[in-house]
Structures are given as C-alpha cells and as structure tokens.
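Student: Handing you a structure now.
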C-alpha cells in the first residue's frame, strides 16, 4: 500500500443508506390509520407464517449480537494481557482475537438501515462501533505525522477515558473517528505501509522505558484498553435491546408483520445494494484507490465483504450459527417457488463472487490481468446488484414494496 | 418524532407507493381541518419523489429516494470525493494532491460537514466556513465581479508550505438592541470585518468585501431543474403589481455553455449550475483545478503561488468531476415533520399572511434536466423564488455580482432549514451567519421584506412562536 496521510480516506462512518427513507419512515407504535394503503395482515407472507419468521429473526439477531459481544470480551482479555506484557506474541494474540471477532459483527450489519437499536437516529451506536474510514492522525502518530493524535497530545487530553473517546468520535469531521473496531485495528496493526501485507506496528509501541518505540506508550496502552471497553459498552446496549421479549425485540415481534418484514428486507437490500456494493466495493473498484479498503490496517477486508453477504443470506434463510429456523425463504416459497430458488441462487452467487476476489483487496482493485482482481471484483458488484434486484422482487412477493430500482 | 401521513393519492406514482408499507403505521387519527388552513396533500414531501425521511444528524446526507442504480453508484463515489482531504502536490497518493497553493479549506466537507451548514468563526479563530469575497469597482469580461488586483476574488487564509497565505481576517460583532411591538426586547448582532494582517500589501482603493457562509446543500439538483421560464414568470423588477416585492433574475456567465443565463446558486444567484458552483468551489476554496476552471487563482502579486507545483492538469479528472456534480445534484431533501400540527398550520397561515411566501415561494414544479429523470417533473416545496430582492441596508454587502446590486440577495430556500440545528448543531442563519436562530433572521429582513418583518415584529408572542414552529417543521 502506498503511503499517504490518510490510510482510508473515505468518509461517512454511518454511510449513505440505500433505503434510509424506508427505514426511517417505518414506525412501529401506531395502529392502522385507515388510509387504505397498508397491505392487510392477511396478505402478509403470502400464506406462510410470517410471525414465526419474525420471531426467529429476533432470536437470531440477539444470538448474533451476543456472539459479537463474546468475541469482543475475548479481545478485551487479550488486549489487557498485551498491554500488561507488550510482547510480539501477546500482540499477535490480540490481533487474532480482533480478527476472530469480526465475522460475527459483519454478519450483524444486515440488522442496520431501519432505525433499529444499532443505528437508531438518536441512540444507535453504530458510528462508534464500526465507523470508517478513520484518520489515523486523529488517534496516534503516523509515518508522516510523528506527533499526531489524541495519544500524543497530553496537554489537550490529560486523561484518556472511555468518556473522552466517546466524546471525541466525529468531534471534527466524518473522519475524526476515535472509537470502534477500526480504531482498535489501527492501534494493533498500525498504518498499512506494506503492499503485500498489513500494518506492522511493533509491540514496542506499548513498551514504556528505553526499549519502547514511539512516544506516550503508556497512553497508547490506556487508549487501547479504553476503546475496547467502550466497544463492549456500546455492544451491550444493543444486546439489551434485543433481549427476547423485551425492549426493541418485543416491539418488533409485536408489530404488524408487514412493518417488521419491511425492516428485515430493508436491511438486506440496503446492505447488498448500498453499503456493501457501492460504499465498500464499487467505490474502491472505480477509484482504484488502494486505501479504500474497509479493514485497511489488517488487510482483512475480504472477510468483511464475505460476512456482510453471509449476514444477508442468514436473514433470508432464518439462520444464525447453529440455528436454522423459519426464514423469509419459506414465505416466498409458498407464493412463488421460482423466486425463492432464484433468491437462493443469487445469494450463493454473490457469496461465491466475493470469495473469488483475490486478497489482499487493496491489490485486487488494481489487478488488471485477465481473470485477475478487477474482473473478479466487477463480477461481485454485478452479483450484488442482481441480488438487490431479486430482493426487491422478494419484498413485492411478500406484500412489501421496497424503494429500490 | 413520528411521521404523520394522512392519505396519498393514486397519482403519487410507483416511487412513493413504495413507502406505503412503511408509512402506513404512522398516521395519527387525524384532526380534520377546514380546507382553507388544513395541510395541503403532499406538502410534507419537500423534494417530491426524491424526498427522504430522516430526522437524524445524517438527514442531509441521503441520495434522492427515487435515484436509479447508476446514480446511486455515482452518489457514493461523489460522496467519497466530497469528503476527501486534499493534500499538497506532489504526493505519492496519486490523484489526491494539488491542494492550493492558496486555499480556504482542504475538503468540501470541512465547510459542509454532513452536507450541512457552516458557521462563522469564533473570535480569533480561522475563517473556514465563512468565505470573504473580494472585488473592486468595475466588471470582468462577462459582467461579473472584478477581482482585487493582488488578492483576486476571494480571500484565502491558508496556503501550502512555501507560499504566504493572504493574511488573517477578523470578525467582531456589535449588539443592536430592539424590541417587539409587545415590548419584548431582542438584540441583533451586526458583524464587522477587518484585515489586521495582509501578506500581499494593502487592498486596492474601493475594495468590496462580501462574507458568505457555506450553506446546507440538500435539494440543489431540484433547484437546477426548475425551468428558466418558471423563474422568469415571477420577475417583477418594477413592481408592476405594487405588492412591494420586485424580484429580479440575475443574469450570469455560464462557463461551460459560454453564454449568459439565469443565475440560481450562491447567495446572490451568481452561478448558473450546480456543476459550475461545485467546480468553482474546488478551484477557489480548495485550489483544485478541473476542466471547467483550469488555473489556480494566483494573481500577478503572488509569485510563490504561481510557481508552486500542481497535482496535474487538471487536478480533478473529468470522471471525478462528474461524480461530484452528480452527488451534489442528487442529495435529497428530508420530508417535513409535524406539518399537520395545529400550531404549525397556524404558523404557516401567518407566514403567508405576513407576505413571506411572496418571495419564499412554497411550491414549484421542476422541468426536465438532462440525464436526471429523477429530478424532472417533481412538485417541490423549496420556499424560494431563486430571484434577487433588495433586502435593505442592514443586510447589504455593497458588492455587486452580475445584475445583483449591493443590497440584493437571492431568496434563500427554506426547505430543510428546520433540520439545520440537528445536522450542523447550530442555527446561525443569513448569508454571514449573523442571525442566531429564525427570529433574528426574520428581524434582519429589510428593503422589500421590511413590511413582512414589521408584521412579524407586531405579532403576539404566541403567533411569533407559531411562525417559528412552522419554520422548524420545514
């Protein structure tokens, strides 16, 4: 990767949302207002048991966020051990824990885009959990700015706390991100200055005393632990909202099935056609900007893309982890078996197309060779658009008209 | 916050029918209003079928709801470059360099954060969101402002390493006391600008300075899509209808078409298109050249500026220019909130009754815009006529711009104004951000708007509150 001042100069941590209008317009606390436009409940699900699908969805969402939380709690332990004894092996253990926590989080991104607990307009912590891309100089030193960042500015920020990190997130602009997975990623890997591999921050950045590298090693360690604590706290609020039978989970499962199905499918379409296809893949493909990748410090972007797509598939099939319950597929199959088969095939194709992209992603976007990275990426973009189109058909079949073209 | 929706007509079209499922749960029981003061069907959809439903801090960052797949891709790409921070050339980050040599900001979003509105600088802070335009008496080849000979047409407080910046402006306010007819006092702040440090010598005699705050930017494409004859139909330069409101179209130079056309954008409607406005800002504010504006704004007095390395010819490729222009054209206007609320409806009636709607025209219909069927033929509620009006001495900048004289300003669109505080976390209004909220903004209105201002001043406290609530609902 080439050097520049911004490792991932792409902005909008809560990114443009394909179906935001639909998501935000959907409210769940009203009865029918008699305007005659709402598809009646009897049309819901085309004869299937929509309520069972929604109940299963809520349970899966909860299980998914619990798994994210478990992963990040494991990360916290490894981070504590690393800061306590900043050795290369301990750093690798922390990096491995970060990598291990990512698939579950990416699978959960399909629960965004409808003003639910993760990205509620007022309270949603998404921007503090997975905001990207971030300006590393806002947090810590970089190659070109050796004294940059909150960590190296004890005069302005005498004490590094979770509250400070929460408050500083987006304090200046879209890229002044202080919190979340990618902040932790930067603190564990450092800038990605290597074309063939991820960032190579030395463990000695956390070693105080004469053998340490960089400055403010103790503050760096404090920051790493505090930002991990903040991530846990934010995830806990989301898990609590999805606690079965309570809070948001109760709202969703008790609402008119059409409203809840709308949210489920809105999440799918917004992720496939908007966030994943446009923001994370097509932008990089079109600009050939090697710093467009989502997890740019760790070169883990391919895992992000894949698990976003798996998350979409999970919702359609009613799956998560070991659970394979009632899914949208059963509702669709009851009204249009061909469409169900098409949707399943499109999901598989999109996943396969993403898996076929060579890694690291920041090299694939400039690989012009026949059968090389760019060809594969274009195929994935097309597959995601096809999936999005079919998702609209699925919505229509279930009495939900989605606002995508 | 709840979305309220009563009925929707069958003519709403496929795009809006799309929302039926989501919206159906959101109507209230519905208090009937007499037709005369009741909500107009669809009036909450400020941007027609492009309207989005978002009350969050991201409310101004959404693509039009009816945008095509291709335009959504362009939107995402344009968004990328809108937020990109430009750096000094030469840099290893290809296509990312060319900042300056003189500049006001390093990215579009520095001033339009989340596509929102800029704010004037705190005392002693740098001028970023607030631009100072400069000119001397006379006009350029096309009748536009003639730049100050040493400093050009705008003051650049920043420069890349090795190039002196143009200097440091300063801003101070004087409080001016006043009171409503009912005796309630208010205070307005009158800004004063000074240039305690100037790097390239004193300003030429007669130099005029016009401060301009970065406005919020939803809905620009819809304003571009309004047909010229629709705007011209409202022109009444000699006030033939004797309503006290004249309304004049600015005639400005279209750089791309190389002809004089009606101006629409900028605080004095000095720019004809979103594309020209965007590329003009890239060149003038960030120092990034494009095929539309190919040269850096260095005057003969600025040798270091002229000698500085650049980031290519042009620094912004035509592909990026297209993405950015498409982005700026297709940022959606959020829907109104609480438009059926009795107090809001009362405020709307007062707005109309005080004559505000004479210039802040509630409803227009767009014409066609090439390549953008999404923006074409839309019923929109921008609350502007895009025309110039004499706003009185209090707001005058004394600096002409094409046909606009030193007292004239373009009617500011009021759509989405109620969400400015949510998105930008302040409510500094008017062209230089002097007004602290809606009431002060209204109270500054003079000239053709003096009678309306006076009617507001004479309203009861309850009526004033209702009028402000109406503005909040936009």
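What follows draws every value from the coordinates through simple rules; no lab data is involved. The structure presented is a predicted model; accordingly, all values stated were derived computationally and were not measured. So basically every Cβ, Gly included, is an ideal-geometry build from the backbone, and we count neighbours across all protein chains shown.
Student: How high is the relative contact order of chain A? Use alpha-carbon pairs under 8 Å, at least six apart in sequence, and give a whole percent. Walk me through the numbers before you get to the answer.
Tutor: Working: 712 pairs, mean separation 101.4, N = 405.
Over chain A, the number comes to 25 percent.
Student: Express in whole angstrom the spacing between the alpha-carbon centres of segment A:52-108 and segment B:99-120.
Tutor: 38
Student: Here's another thing I want to ask about it. Across bins of 10 angstrom width beginning at 0, how are the C-alpha pair distances of segment B:224-350 distributed, in whole percent?
Tutor: Values per bin, smallest distances first: 11, 27, 27, 20, 11, 4, 0.
Student: Would you mind giving the three semi-axes, in whole Å and largest first, of the ellipsoid equivalent to chain A according to its Cα gyration tensor?
Tutor: Values: eigenvalues 295, 113, 60 Å².
Over the Cα atoms of chain A, the ellipsoid semi-axes are 38, 24, 17 Å.
Student: While we're looking at this one, here's another question. Let's test the formula: R0 of 30 Å, r as the Cβ-Cβ distance of residue B:68 and residue B:230. What FRET efficiency results, to the nearest 0.05? Could you put the intermediate results ahead of the total?
Tutor: Details: r = 25 Å, r/R0 = 0.82.
So, using R0 = 30 Å, E works out to roughly 0.75.
Student: Here's something else I'd like to know. Based on the alpha-carbon gyration tensor of segment B:344-474 and its eigenvalue square roots a ≥ b ≥ c, which shape applies: rounded if a/c is under 1.5, prolate if not and a/b is larger than b/c, or oblate? Kindly include the intermediate steps, with their values, before the conclusion.
Tutor: On the way: a/c = 1.59, a/b = 1.16, b/c = 1.37.
Oblate, because a/c is 1.5 or more while a/b does not exceed b/c.
Student: Sorted by average packing, counted as other Cβ atoms within 10 angstrom per residue and highest first, what order do B:424-431, A:232-239 take?
Tutor: Values: B:424-431: 19.6, A:232-239: 17.8.
Taking the mean over residues of other Cβ atoms within 10 Å, the ranking is B:424-431, A:232-239.
Student: In square nanometres and to one decimal, what's the mean projected area of the convex hull around the Cα atoms of chain B?
Tutor: Values: hull surface 89.9 nm².
Approximately 22.5 nm², given one-decimal rounding.
Student: Add -39500 (n - 2.57) for each DSSP H run of 4 or more in the protein assembly as shown, then divide by its residues: what number comes out at 222 nm, to the nearest 500 deg cm²/dmol? Don't skip to the answer; put the middle values down first.
Tutor: Numbers: 28 runs with 313 residues, N = 879.
Counting only the DSSP helices, I get -11000 deg cm²/dmol.
Student: Once you keep just the Cα pairs under 8 angstrom separated by 6 or more residues, what percentage relative contact order results for chain B? Don't skip to the end; give the middle numbers.
Tutor: Values: 1039 pairs, mean separation 100.5, N = 474.
Relative contact order for chain B comes out at 21 percent.
Student: Over all residues in B:43-56, what is the mean tally of Cβ atoms on other chains that come within 10 Å of each residue's Cβ? Please list the in-between numbers first.
Tutor: Numbers: counts 0, 0, 0, 0, 0, 0, 1, 1, 2, 9, 9, 8, 4, 9.
Mean inter-chain Cβ contacts per residue within 10 Å come to 3.
Student: If you take each beta carbon of peptide B:57-68 and count the beta carbons of other chains within 10 angstrom, what is the mean?
Tutor: That works out to 5 on average.
Student: Next up: If I stretch the segment between residue B:177 and residue B:204 completely, what's the gain in nm (0.36 nm per residue apart, minus their alpha carbon distance), one decimal?
Tutor: 6.3 nm is the gain from fully extending residue B:177 to residue B:204.
Student: Inside 10 Å of the C-beta atoms of A:273-281, what's the mean count of C-beta atoms belonging to other chains? Could the numbers behind the result be given before it?
Tutor: Details: counts 3, 5, 1, 0, 4, 10, 4, 1, 0.
Going residue by residue through A:273-281 and averaging, the value is 3.
Student: What's the angle, to the nearest 10 degrees (0 to 90), between helix B:461-473's Cα axis and the longest principal axis of chain B?
Tutor: 70
Student: Which order do the peptides B:187-197, A:292-302 come out in when sorted by mean C-beta neighbours inside 10 angstrom, highest first?
Tutor: Numbers: B:187-197: 13.4, A:292-302: 25.7.
Ranking, from highest mean packing down: A:292-302, B:187-197.
Student: While we're looking at this one, here's another question. Per residue, what volume in Å³ does the Cα convex hull of segment B:77-160 take up?
Tutor: Numbers: hull volume 12.6 nm³, N = 84.
With only Cα atoms used, segment B:77-160 gives 151 Å³ per residue.
Student: Gap in Å between the Cα centre of segment A:191-219 and the Cα centre of segment B:142-184?
Tutor: Using only Cα atoms, the two centres lie 45 Å from each other.
Student: Give the Kirkwood hydrodynamic radius (Å, one decimal) of segment A:147-283, defined as one over the mean of 1/r across all pairs of different Cα atoms. Could the numbers behind the result be given before it?
Tutor: On the way: mean 1/r = 0.0551 Å⁻¹.
In segment A:147-283 this quantity evaluates to 18.1 Å.
Student: So what's the Cα pair-distance distribution over the protein assembly as shown, bin width 10 Å, in %?
Tutor: 2, 12, 21, 24, 21, 13, 5, 1, 0
Student: Residues of segment B:144-170 with backbone nitrogen within less than 17 Å of a virtual label 7 Å along the Cα-to-Cβ line of residue B:300, please, listed as ranges.
Tutor: Taking a point 7 Å out along Cα→Cβ of residue B:300, the residues of segment B:144-170 whose backbone N falls under 17 Å are B:146-153.
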